[in-house]
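Below is one structure, written out as structure tokens, with a few remarks after it.
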Amino acid sequence: MALARIPRIGIGGPVGSGKTMLIEQLVPILKKEGYDVGIISNDVVSREDADRMRKNLATERGLMPEDLVIGIATGGCPHTAVREDPSINISVVEEMEAKHPNLDLIIIESGGDNITTTFSPALADYFIYIIDVSGGDKYPRKRGLGIETSDLLVINKIDIASFIGADLSIMERDAKVVRKDKPYVFVNSKTGQGVKKVAEQIVKDVLFDAPPKSVAAN
Amino acid sequence: MLTVTTILGNIKNNPDLNQKYKESLNKNSLETITIQRSETEKVRMRKVSDKKTDVGFILPSRTHLRDGDVAYLDDTKMIIIKLSPELVAVLNIKKNIHHHRDDGDGSKSDHNHDHHDHNHDHHDHNHEFTNVAIKVGHTIGNLHRPLKISGTDIIFPIQAPDEINLFLRLLSGLKDYVDIRAETLIFEPDQGFDIHAH
């Protein structure tokens, strides 16, 4: 029998919107609940994000083995590696699944991209799109595939909204209209504010409220 | 949570399921789960039916959900997948394409019309139709749209009604040959033409 597919989430968003930092806040929360997570991080020309997360989450905090943070330098447009031809990511996911069949979740981070980023469903079961308030409060209203079709919209850096004149209530109102009944969460990835809600959505909608594999096995 | 690991078939092409579908409608035991086209290739997702049944899908890789798929069936209920209607452009190449050519000033004709036999005319008509069709296909393909051909309608998704103007502009050289309008309908691309927007 083929190995059971480990649930996978994709995280996409513009350059500097806080994808990596969201993962750095998310993994400790999930780990605390007992969920073991692997990370695949796409960057365009470097592996800087993967190296940073490995150092932070694996080497320094011991939340995961070092080989569970893998960096891929994709070159070219980042979305091509998670949508048009996700084969390189799929091969890394499958390698991770084979080596660590007891993982509960694999997180795939896209390289920073534009508002039409989406993940191929062949690669990710659940797609989180993250934007930040610094683009202005018009951002959700202007739509785009990521904002409209993602399973969860995360709006980051709410702590600086007042400095750049972004009205969070406008962003919330527009997110509701554009996304209908699909969820959105306001976060501050620097302090971790709101990230617990992101974790709760993942446990509910991706893990189906199942207990961690390490717990279920005992 | 009800876990669904396989699709039982589709009410549109399975007579038994279609019969059950009609019975369920009568018994008021039919439930629907409405999904977006972007979710049709998802093999793991959690959804709530219109009657609040909590459903977790864990489907085999490469499952492609279609409108009318049966997710669950027992004596008490039937759950089917509904695809949400979306905004599309419907483009039609005019049937009287041949006349448009003849209605012109004839300056494009480099040989004498009077000597055309019927077959030659027919050949020219096909040639011209092919010419327009390829240009239309090229333009839509350049914008990486998935495609459905339904009768003489060429259908592809758009994100805003404004995009009709974009296509009118892109196809301005062919304006005598094509009609294009926006519509909202259930869009299921033809197999092999389900490309993703770039």
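Which entries of A:Lys213/B:Lys42; A:Lys142/B:Lys94; B:Lys20/B:Lys47; A:Lys55/A:Lys99; A:Lys196/B:Lys47; A:Lys157/A:Lys197 have Cα-Cα distances beyond 25 Å here?
Values: A:Lys213/B:Lys42 23 Å; A:Lys142/B:Lys94 35 Å; B:Lys20/B:Lys47 22 Å; A:Lys55/A:Lys99 21 Å; A:Lys196/B:Lys47 21 Å; A:Lys157/A:Lys197 15 Å.
With Cα atoms farther than 25 Å apart: A:Lys142/B:Lys94.
Hey, what number do you get for chain A at 222 nm if only DSSP H runs of n ≥ 4 count, each worth -39500 (n - 2.57), divided across all residues, to the nearest 500?
-8500 deg cm²/dmol
If you roll a 1.4 Å probe over the heavy atoms of the protein chains, what accessible area per residue do you get for the protein assembly as shown, in Å²?
50 Å²
Leaving ligands, DNA and RNA out of it, report the carbon-plus-sulfur percent of the accessible area of the protein assembly as shown at a 1.4 Å probe.
That fraction is 52 percent.
Using Cα centres only, tell me the gap between region B:31-82 and region A:1-42 in whole Å.
Comparing the Cα centres of region B:31-82 and region A:1-42, I get a distance of 25 Å.
For region B:133-198, take the convex hull of the Cα atoms, compute a quarter of its surface area, and give me that in nm², please.
Mean orientational projected area (region B:133-198, Cα hull): 4.6 nm².
Over both sides of the B-A contact, add up the buried accessible area with a 1.4 Å probe and give it to the nearest 100 Å².
About 1600 Å² of accessible surface is lost on pairing.
Tell me, what does the Kirkwood hydrodynamic radius of region A:9-119 come to in angstroms if you use every pair of distinct C-alpha atoms?
On the way: mean 1/r = 0.0720 Å⁻¹.
It works out to 13.9 Å.
Taking the Cα centre of region A:8-208 as the origin and placing charges on Cβ (Lys, Arg +1; Asp, Glu -1), which of A:Val44, A:Ile11, A:Ile90 is farthest toward the positive end of the dipole?
Of the candidates, A:Ile11 comes out farthest on the positive side.
What does the charge add up to near B:Asn10, with Lys and Arg as +1, Asp and Glu as -1, over the other residues with Cβ less than 15 Å from its Cβ?
Net local charge, B:Asn10 excluded: +1.
How many nm is it between the label spots at A:Val45 and A:Ile90, if each spot is 7 Å from the Cα in line with the beta carbon?
Rounded to a tenth, the inter-label distance reads 2.9 nm.
If you put +1 on each Lys and Arg Cβ and -1 on each Asp and Glu Cβ, how big is the dipole of chain A around its Cα centre, in Debye rounded to 20?
Working: 27 positive and 31 negative charges, 111 e Å.
Here chain A has a charge dipole of around 540 debye.
Only Lys, Arg, Asp and Glu count, each charged at its Cβ (+1, +1, -1, -1), so figure out the dipole size of the protein assembly as shown about its Cα centre, rounded to 20 debye.
In debye, rounded to 20, the protein assembly as shown gives about 1460.
How are the alpha carbon pair distances in region B:2-83 distributed across 10 Å bins from zero to the largest one, expressed in percent?
Taking all Cα pairs of region B:2-83, the binned fractions are 19, 57, 23, 1 percent.
Answer with one residue from A:Ile115, A:Ile23, B:Ala71: the one whose Cα lies farthest towards the positive end of the charge dipole of the protein assembly as shown, charges on Cβ with Lys, Arg +1 and Asp, Glu -1.
Result: A:Ile23, furthest along the dipole toward the positive end.
Compute the helix-to-body angle for A:19-32: its Cα long axis versus the longest principal axis of chain A, expressed 0 to 90° and rounded to tens.
Taking the Cα atoms of chain A, the angle to A:19-32 is about 50 degrees.
Quick query: amide H of A:Ile108 versus all other amide H atoms, modeled in the peptide plane; which residues come in under 5 Å with a sequence gap of 5 or more or a different chain?
A:Ile9, A:Gly10, A:Ile11, A:Ile40
How would you rank A:138-144, B:188-194, highest first, on the average number of other Cβ atoms within 10 Å across their residues? Walk me through the numbers before you get to the answer.
On the way: A:138-144: 17.4, B:188-194: 13.0.
So the order, starting with the most tightly packed, is A:138-144, B:188-194.
Show me, for region A:161-173, the HN-Hα J-couplings you get by feeding each phi into the Karplus relation (A = 6.51, B = -1.76, C = 1.60, θ = phi - 60°), rounded to Hz, glycine and proline as x.
Result, ordered by residue: 3, 5, 6, 10, x, 9, 9, 5, 5, 5, 5, 5, 4 Hz.
Please list, in order along region B:10-20, the HN-Hα scalar couplings obtained from phi with the Karplus expression 6.51 cos²θ - 1.76 cosθ + 1.60 (θ = phi - 60°), rounded to whole Hz, x for Gly and Pro.
So the J values, rounded to whole Hz, are 10, 5, 7, 10, 10, x, 4, 5, 5, 4, 4.
Report D for the protein assembly as shown in µm² per second (integer): Stokes-Einstein, Kirkwood Rh on Cα pairs, 25 °C, 0.890 mPa s. Before the final figure, lay out the partial values.
Details: Rh = 24.1 Å.
Value of D from the Cα-based Kirkwood radius: 102 µm²/s.
The values are calculated or read from the model by the stated rules, or taken from the named source; none is laboratory data. What you are looking at is a predicted structure, and each value in this text was computed from that prediction instead of being measured. Every residue, glycine among them, receives a Cβ derived from its backbone with ideal geometry; neighbour counts consider all protein chains shown. We work out accessible area using only protein heavy atoms, side chains counted, and drop any ligands, DNA or RNA first. Shrake-Rupley method; radii C 1.70, N 1.55, O 1.52, S 1.80 Å.
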